[in-house]
Amino acid sequence: MTAGVLSPRARPRLGFLGVGWIGRNRLEAVARSGQAELVAVSDPAEVAARAAAEAAGGCAVLPDLDALLEAGLDGLVVATPSAAHAEQAIRALRRGVAVFCQKPLARDAAEAARVVAAAREADRLLGVDLSYRFVRGVPELRRLVQAGELGRIYAVELAFHNAYGPDKPWFYDARLSGGGCVMDLAIHLVDLALWTLGFPAVRHVESRLFAGGAPARGRSGPVEDYAAATLTLDGGAAVRLACSWKLPAGQDCVIEAAFYGTGGGAALRNVGGSFFDFTVDRFRGTARERLAGPPDAWGGRAAVGWAAALAEGARFDPAVEGVVAVHEALDRIYGA
């Protein structure tokens, strides 16, 4: 069965493939929003699937992607292990089903480009859960940069240190994950930097990767648990990036994206080691202006926005092509 064309403001019929912690969180956010009809879920873990179906109001539990694609869906939310994202997204798009995919969209830029091409050819809405764009205050930070209110941006500082690291074995196999902490964490901040700056070309990349304190060899061998990189952008801006798993940082995590220009600065920073609480501030010399702070339930905002756009009849959005540029930058970090 191939999905039909959705009429504007009809509630889209959604399926959820993968309902672990992230998938369940996005499912509950969409359910609360009322933007869509939740039709079915699928997950190899039967207990998780049935709990998610109950949270969705008693929707169907189906065995696999094939069954979901026969359920008359308008959209599919993909939250499975990374190695499966590209293939699953492409299969859905070719059936005329819009897709919202957990990051990373793919394991490298070539895979990501194939997914975007499938969405373009099918003229279906493709979204990627690059959720830090949706933290309250971040759209205003981007507006300040885009409007030139911070002057010419010449430096960006990005950091994401997770004191724990993933608890699933597949994260540590580059064939399944695409890489280590760069793919898991830095993807968010590289996206945030390029998206905020309007996706300038990346002219040069220097990087060093480590696994257990020893130099790591890109995507071959053990995946990296620490990375430091500098990206030089078109126009001369320098982006300095550091990310890690299991770093003894003295708190649960450190997350920062700071933009410095000839007319001032602005930054997103986490509060007290929190994974969820953030401030966004604007800087003028030694003075700061708070643009936003906690509490802020931002986690499911990207999924809800995608569902709302789908309800409005949105088709392929060329803005998603920026995700390929992000993957190209990550590929260069691994290959530099």
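Just a few scattered comments:
- Test set (1) of a type outside the set (Ser, Thr, Tyr); (2) buried (at least 19 other Cβ atoms within 10 Å of the Cβ); (3) more than 30 Å from Arg120 (Cα to Cα) - Gln251 fails condition number: (2)
- Residue within the range 71-87 that is under 24 Å from Ala174 (Cβ atoms), touching a His at 6+ places or on another chain (Cβ under 8 Å) and in the same structural domain as Gly313 (by TED's automatic domain parsing) present: yes
Let's see how each residue does on (1) among the small types (Gly, Ala, Ser); (2) in contact with an Asp or Glu (Cβ under 6 Å, 6 or more places away or on another chain); (3) surrounded by fewer than 16 Cβ atoms within 10 Å (Cβ to Cβ):
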site: Thr279; (1), (2), (3): no, no, no
site: Asp296; (1), (2), (3): no, no, no
site: Glu312; (1), (2), (3): no, no, yes
site: Ala319; (1), (2), (3): yes, no, yes
site: Ala325; (1), (2), (3): yes, no, no
site: Leu330; (1), (2), (3): no, no, no
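- For the range 258-315, residues that are in contact with a Leu (Cβ under 8 Å, 6 or more places away or on another chain) and basic (Lys, Arg) total 2.
- Among residues of the range 1-56, those that are within 22 Å of Gly96 (Cα to Cα), outside any loop (DSSP other than H, G, I, E, B) and modelled with pLDDT under 95, counted: 0
- Flag if Val99 is free of Cβ contacts under 8 Å to residues at least 60 places away in the same chain and in contact with a strand residue (DSSP E or B) (Cβ under 6 Å, 6 or more places away or on another chain): yes
- Flag if Arg11 is touching a residue at least 40 places away in the same chain (Cβ under 8 Å), among the basic types (Lys, Arg) and over 30 Å from Ala109 (Cα atoms): yes
- Taken as a whole, the condition of being aliphatic (A, V, I, L, M), modelled with pLDDT of 95 or more and in contact with a strand residue (DSSP E or B) (Cβ under 9 Å, 6 or more places away or on another chain) does not apply to Ala147.
- Considering only residues in the range 202-234 that are touching a residue at least 60 places away in the same chain (Cβ under 8 Å) and closer than 19 Å to Val145 by Cα, the one that is surrounded by the most Cβ atoms within 10 Å (Cβ to Cβ) turns out to be Leu231.
- Residue check for Gly212: of a type in the set (Gly, Ala, Ser) and closer than 30 Å to Tyr154 by Cα: no
The values are calculated or read from the model by the stated rules, or taken from the named source; none is laboratory data. What you see is a predicted model; the values in this text were computed from it and never measured. Don't worry about glycine lacking a Cβ; one is built from the backbone with ideal geometry, like all the others, and counts go over all protein chains shown.
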